[in-house]
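K.L.:
Before I ask anything, here is the structure I am working with.
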Amino acid sequence: MENAIRDFFMHLSQNKVLNQGAKRWGLKLGAQHVVAGTTIDEMIASIKKLNEKGIACTIDNLGEFVYEKVEATGAKEQILNVIEAIHTNNLDAHISLKPSQLGLDIDYHFCRNNLKEIVTKAKKYEIFVNFDMEDHARLQQSFDLLDDLSADYDNIGTVIQAYFFRAIEDIKQYKNYRLRIVKGAYKEDATVAYQDKNEIDQNYIELIEWHLLNGKFTSIATHDHYVINHVKDFVKKHGIPKEKFEFQMLYGFREEMQYELVIDGYNFCTYVPFGEDWYGYFMRRLAERPQNLNLLVKQVFNK
Ligand code: FDA
């Protein structure tokens with residue numbers, strides 16, 4: 001049953017008509033609890049509140065799977081505006097971006113040039129840029145983009161998704177980068193990815209431990225308290241300093257736990273999505289945790 005619900009929302013997340021339509025609706029269906037507004041000003045106001053609590057942020061200008069150059073160029077301009085806003089407002093924040101929003105599905109070199117412009121501007125202000133990882137079809141090209149740009153830039157990093165069989169090789173290859181480690185959010189084929197939750201969780205722990213011991217800086221991005229408690233014990237046992245890692249969670253999720261981790265002295269970073277293109281992101285959150293449906297139900301009954 002849980003798999004059927006997951007597949008249903010995954011399917012909805014990729015529906016092009018609904019994705020386009022939702023841009024005209026404004027934040028609806030409960031998405032406003034997990035998306036920090038549709039404009040840069042609304043997003044900045046949310047980040048200031050989080051920064052005041054000692055929480056750093058990574059900003060995602062929502063949007064993905066773009067097939068028109070004009071749309072990808074618009075997304076690039078918006079991200080450049082976000083970088084300027086981080087600098088002007090002196091925010092403790094960096095950028096998360098999706099290569100498919102910046103033209104990866106149109107033309108690799110077009111996408112690379114868009115990323116280069118973003119990374120150049122971010123570098124000017126010493127702002128970090130994370131290349132979020134999408135589905136398996138885009139995985140190798142996203143690593144290629146990172147390789148291409150890392151010859152000239154040191155303010156970039158990426159994500160390792162624990163459900164992929166190849167994740168352990170990738171983490172070894174990219175150990176000198178700042179890496180975010182996640183379980184993985186897309187529906188992937190059994191030929192490339194673990195399907196069983198226990199196997200994914202076990203691989204997730206192994207990757208985190210490996211990178212904490214051998215890597216540059218580790219962002220442990222999860223809402224799973226078992227993993228978080230395990231990491232707390234592991235870093236204590238191995239004397240890993242708090243400057244070498246941080247916890248990350250999504251905006252609007254487990255907020256009490258986010259504050260508790262900060263109060264306990266851990267570095268913490270909230271992933272802050274904003275923009276009109278919220279639909280696919282919100283559907284994936286419903287797919288990975290059907291309990292998130294309570295956001296939607298509350299919204300319906302509060303009307
Ligand atoms: P999971 O969903 O497996 O939950 C484990 C347990 O934690 C649950 O059984 C429950 O007990 C508890 N729990 C979880 N959520 C809860 C809640 N809201 N309230 C109470 N209890 C809860 N993916 C990707 O493919 N590419 C990417 O670039 C990113 N980037 C990214 C950034 C950040 C900051 C985060 C947090 C996540 C991502 N992801 C991602 C998504 C990631 O791959 C994954 O799909 C989700 O984080 C869900 O997995 P969890 O590790 O949170 O635990």
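The values are calculated or read from the model by the stated rules, or taken from the named source; none is laboratory data. Given the structure is predicted, the values throughout are model-derived calculations rather than measurements. Here Cβ is always computed from backbone atoms with ideal geometry, including for glycine, and neighbour counts include all displayed protein chains.
K.L.:
Looking at Tyr259, Tyr281, Tyr271 in this structure, which one is at pLDDT 95 or above and farther than 26 Å from Lys216 by Cβ?
P.N.:
Sole residue among the options that is at pLDDT 95 or above and farther than 26 Å from Lys216 by Cβ: Tyr259.
K.L.:
Within region 47-72, can you find the residues that are assigned to a loop (DSSP other than H, G, I, E, B), modelled with pLDDT of 95 or more and of a type in the set (A, V, I, L, M, F, W, C)?
P.N.:
Ile55, the sole residue that qualifies.
K.L.:
Further, regarding this structure: Please verify whether Asn114 is of a type outside the set (Ser, Thr, Tyr) and more than 16 Å from the ligand (Cβ to nearest atom), treating the condition exactly as stated.
P.N.:
Yes: the conditions hold for Asn114.
K.L.:
Which residues, taken from region 84-116, are out of contact with any strand residue (DSSP E or B) (no Cβ under 6 Å at 6 or more places or on another chain), outside any loop (DSSP other than H, G, I, E, B) and crowded, with 23+ Cβ neighbours inside 10 Å?
P.N.:
Correct list: Leu97, Pro99, Ser100, Gln101, Leu102, Cys111, Asn114, Leu115.
K.L.:
Based on this model, can you work out whether Gly265 counts as of a type in the set (Gly, Ala, Ser), at pLDDT 90 or above, more than 10 Å from the ligand (Cβ to nearest atom) and not in a strand (DSSP E or B)?
P.N.:
yes
K.L.:
What single numbered condition from (1) over 18 Å from Ile181 (Cα atoms); (2) outside any helix (DSSP H, G or I) fails to hold for Val119?
P.N.:
All conditions are met except number (2).
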